[in-house]
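One structure is given below, encoded as structure tokens.
The values are calculated or read from the model by the stated rules, or taken from the named source; none is laboratory data. Not measured: the values here are computed from a predicted model. As a convention, Cβ positions derive from the backbone with ideal geometry for all residues, glycine included, and neighbour counts pool all protein chains shown.
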Amino acid sequence: MAEQTLTGDDLRRYADALAEGRKPLVYLVEAVPGLGLAAGASARVVEIAGGVVTVKPTGVDDQLPYEARELRATKQPKPVKRAPAAKGAAPAKSTAPAQGAAAAPKRAAKAPSGSGGGTGARAARSVAVTLHVGSDNVAVLKVTPNAQKPSGGREIPLAAVHKALAGLADREARAAVDDVLSAARDAAADRVAALQAELAAAKKSLATLERAKRGNSAPGRAR
């Protein structure tokens, strides 16, 4: 069994399993946020054509093509064994100032370059993935962030988009689409949370007004 991504031996073994009517289990190396798939998500192999492995991820109705290097035979890569420390070697000592000094560059590295206000880079609101095929038998793919919606285009399911991008094996295009969909999903979740909070406040206010109304309309008690 492969320790990292799939090997030729893995593919041959899986092809034999498919011929016997079995569907081997593999795991995704990278997450697919647009489909709700995390890194290490399981999938069943349904077809092998050369170095392309078509799988059906758990919980997803569609079948997606992947390259062998994008899949693993195990959920997590096998940890790399560290060489034992030489006998007699003194253990490395760490001090609090040293840890603080090491942490400072990491915090500085998180600040995006060229952001004058220090607010961080804003995710693209849209992305265009353009595929051009010419008579010279050359295909060119271009990714354009924040592109306008093309006129006269046809709407297609998002699952088909992910399947097509997986077949093209272009990580930049897949990452750009995933970023846009993740940002849209986060914005929708924030909006839902805000509306739920607004609804809860409105219900509380209504309940207070109803109690006040009942108190004002109640007849006076005889003394």
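Are any of the residues in the range 35-51 assigned to a strand (DSSP E or B), at pLDDT 90 or above, crowded, with 16+ Cβ neighbours inside 10 Å and not aliphatic (A, V, I, L, M)? Talk me through it step by step, then tell me what you get.
If we filter the range 35-51 for residues that are assigned to a strand (DSSP E or B), which is where we start, we get 37, 42-49.
In the following step, the residues that additionally are at pLDDT 90 or above were identified as 42-48.
Narrowing the set further to residues that are crowded, with 16+ Cβ neighbours inside 10 Å leaves 43, 45, 48.
Imposing the further condition that a residue be not aliphatic (A, V, I, L, M) reduces the set to none.
Checked the range 35-51: no residue is assigned to a strand (DSSP E or B), at pLDDT 90 or above, crowded, with 16+ Cβ neighbours inside 10 Å and not aliphatic (A, V, I, L, M).
The residues on offer are ALA128, ALA159, ALA164, and the sole one that is part of a helix (DSSP H, G or I), among the small types (Gly, Ala, Ser) and modelled with pLDDT of 80 or more is ALA164. Filtered by the rule that a residue be acidic (Asp, Glu) and surrounded by 15 or more Cβ atoms within 10 Å (Cβ to Cβ), the range 144-177 gives a lone residue, ASP170. Exactly one residue out of ALA187, ALA202, ALA207 is part of a helix (DSSP H, G or I), under 27 Å from GLU30 (Cβ atoms), free of Cβ contacts under 8 Å to residues at least 40 places away in the same chain and among the aliphatic types (A, V, I, L, M), and it is ALA187.
GLY88 meets all of the listed conditions (1) at pLDDT below 75; (2) within 30 Å of ALA188 (Cα to Cα); (3) not charged (D, E, K, R) but one, namely (2).
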